[in-house]
1. Once you've got the GNM for the chain with C-alpha springs shorter than 10 Å, pick whichever of G113, G55, G22 has the biggest mean-square fluctuation.
2. If you fit an axis through the alpha-carbon atoms of helix 12-32 and take the longest principal axis of the Cα set of the chain, what angle between them do you get, 0 to 90°, nearest 10?
3. Quick one: angle between helix 167-197 and the longest Cα principal axis of the chain, in degrees between 0 and 90, rounded to 10, please.
4. Which whole-number percent is the relative contact order of the chain (Cα, under 8 Å, 6+ apart)?
5. Only counting other Cβ atoms within 10 Å, I'd like I90, I65 sorted with the fewest neighbours first.
6. Along the charge dipole of the chain, which of F125, Q56, V210 sits closest to the positive end, that is, farthest toward it, with unit charges on the beta carbon of Lys, Arg, Asp and Glu (+1, +1, -1, -1)?
7. Using only the alpha carbons of the chain, determine the length spanned along each of the three principal axes and report them from longest to shortest in whole angstroms.
8. Based on the alpha-carbon set only, what is the convex hull volume of segment 100-206 divided per residue, in Å³?
Amino acid sequence: MNRAGHQMSETLFLGALLTVTGGFLDAYTYLCRGKVFANAQTGNIVLLGVKLAEGQFDALLHYLIPILAFALGVVVAELTRRRFRSHPAIHWRQIVIALEIAILGLVALLPTGEWDTAANVLVSFVCAVQVQSFRKIRGNPCATTMCTGNLRSGTELLFHAVQDRDPTARRRGLQYYAIILLFILGAFLGVWCTEQWRSRAVLVCCGLLVVVFSAMFLKSGEEALEV
């Protein structure tokens, strides 16, 4: 267990890598895979409603399938946690990360165009298992694949920091804003890499996740398994 008493999976270092990955994937699918947001499904749900209102029923599956894939990812993450959370050799979250790496490697092999829907389904699934499996940074609830909740929490904490002169609230609020900046950095990196390498740019995320997977072996033997 680290000095702050948090699991390795909740450290700022791993949270930063996962957040950069989240921003990267959102930029990647928007620029390279048909202007679909793979992370937070609010955008796809809104666009689904727009297409319904416009009578463009042939476009519904383009947005509906990633939404369903995201829901499936949440289910798979929970099943993985229940099945492997007491495994003696590997943390269940490492299994999730290994699954993410394998799926994103497959996405890199899919050509753009007619395979975009399949790629978006896979990326949405990856984002779902990640956001479901990694829900805290330094003990604070935090999302690594979307920003709305982080923005709300960070702003609320900074308000309390100013009004109540609470240094703990200030520190936690700044942490949320740091995560948002890392998401923006990931999106910036995603744009640049996608312009250079198109569909294979997603391999950069595989590299980041390999670091996450490896770092989780550094956990202390005293680290308690999370329920």
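1. Of the options given, G55 has the highest mean-square fluctuation.
2. The helix 12-32 is inclined about 10 degrees to the chain.
3. Value to nearest ten degrees: 30.
4. Values: 353 pairs, mean separation 82.3, N = 227.
This gives 36 percent for the chain.
5. Details: I90 13, I65 17.
Placing the least packed residue first, the sequence is I90, I65.
6. Checking the options against the dipole of the chain, the answer is V210.
7. 52, 47, 34
8. Details: hull volume 10.4 nm³, N = 107.
For segment 100-206, the hull spanned by Cα atoms encloses 97 Å³ per residue.
Read the figures in this text as sums done on the coordinates, not as results from a lab. Quick caveat: nothing in here was measured; it's all calculated off a predicted structure. Because the Cβ atoms are built from the backbone with ideal geometry, glycine has one as well, and the counts that use them run over all protein chains shown.
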